[in-house]
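Below you'll find the structure, written out as structure tokens, and then a few comments.
The values are calculated or read from the model by the stated rules, or taken from the named source; none is laboratory data. None of these values were measured; they are calculated from a predicted model. We place every Cβ from the backbone using ideal geometry, glycine too, and count neighbours over all the protein chains shown. Keep in mind that these areas ignore ligands, DNA and RNA; they rest on the heavy atoms of the full protein, side chains included. Shrake-Rupley method; radii C 1.70, N 1.55, O 1.52, S 1.80 Å.
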Amino acid sequence: MSSAVSGAGAAKESVRRPAGGTWQEGERRKDRAPRRDPEPRKTRGARRDRRLLWALPPVAALALFFLYPLALVVEQSFSPDTGGTSIEPYTEVFASAAFREALTTTVWLAVGSTAGCLVLGFALALVIAFVPFPGSRAVARFIDVFLSFPSFLITLALLFIYGTVGMVNGAWTDLTGAASGPVQFLTTPWGVLLAEITYFTPFVMRPLLAAFSQLDTAQIEVASSLGARPARIVRRVILPEALPALAAGGSLVLVLCLNEFGIVLFTGAKGVTTLPTLVYSKAILESDYPAACVVAVVNVALSVGLYAVYRMVARRAGA
């Protein structure tokens, strides 16, 4: 019987043991066997080449229509009229009073317009989001449409209302018989400020309305049930949630106001020269292309820096 058991065990062992050697030898052969690559190198290389081929046309178009003209502007800014390459155009422009005045005007108009847009946009977004009234959804949708309007259209509308021969001054002269009306601020820096605030406020309202739509209204209800006044609810509950959207919208408006040209041109504001209008004056009216390119390079540098700040703030805000 013991021989039968041993014979059966030997038979099982022979079944388990791979042909041609022991288990260890079989495992070694498996390890030495070449493993098949799920995707051959030639296929991966061909796929990478196709991706590069698809990316080539847009990259070439970007380089041809954007990077190349920008490089020409930078090159021209180092090319004085006397010839050669020099930083003389930069020293002349930076030393001029016109450039310093234009830079100061551009900065204070951009900062003032941004502050006005933040205050007005926050107030209007609060009303639309939390004060129920008929047509609130239509107003919110109109804000999206308003973002597509050109800036000169808003300025033209303000000219019809507050211009020298606008509706307000026309009604005043008809009633009093005066030669001119009392409203003359539209051709001053304050008129430019009003036009920019009017046009750019929806750029602040849009991210605010998106942030308010994600706000948990239960917090507002709890605060109201505990006796908090509306001003305190806004300050303690709504404003902290709106700060990222305010920062993102304000950064975007600051960049847009810094480069605004149409509003300043259409208002006809006397003595208001910004960096974009200075570029226009130097290039078109004076034919001083090196100076125009210097001002343009400064404007681009400011815009890119502010845009980097905007993207950083927008990323943190989740925009």
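The table below lists the values:
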| item | result |
| --- | --- |
| Checking S213 against (1) surrounded by fewer than 20 Cβ atoms within 10 Å (Cβ to Cβ); (2) more than 24 Å from P244 (Cα to Cα); (3) polar (S, T, N, Q), the condition it does not meet | (2) |
| Candidates A218, A223, filtered to the one that is in contact with a helix residue (DSSP H, G or I) (Cβ under 7 Å, 6 or more places away or on another chain), at pLDDT 80 or above and part of a helix (DSSP H, G or I) | A223 |
| Residues located in segment 226-241, provided they are surrounded by fewer than 21 Cβ atoms within 10 Å (Cβ to Cβ), assigned to a helix (DSSP H, G or I) and among the aliphatic types (A, V, I, L, M) | A231, I233, V234, V237, L239 |
| Test: L208 is under 25 Å from V139 (Cα atoms), open to solvent by 60 Å² or more (accessible area, probe 1.4 Å), at pLDDT 85 or above and within 27 Å of the chain's Cα centre (by Cα) | no |
| Search result, residues across segment 87-104 that are open to solvent by 70 Å² or more (accessible area, probe 1.4 Å), of a type in the set (V, I, T) and closer than 13 Å to A291 by Cα | I87, T91 |
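Condition check ((1) over 20 Å from the mean Cα position of the chain (by Cα); (2) farther than 30 Å from S213 by Cβ) across all residues:
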site: T82; (1), (2): yes, yes
site: A110; (1), (2): no, no
site: V119; (1), (2): no, no
site: P132; (1), (2): yes, no
site: V145; (1), (2): no, no
site: S151; (1), (2): no, no
site: F160; (1), (2): yes, yes
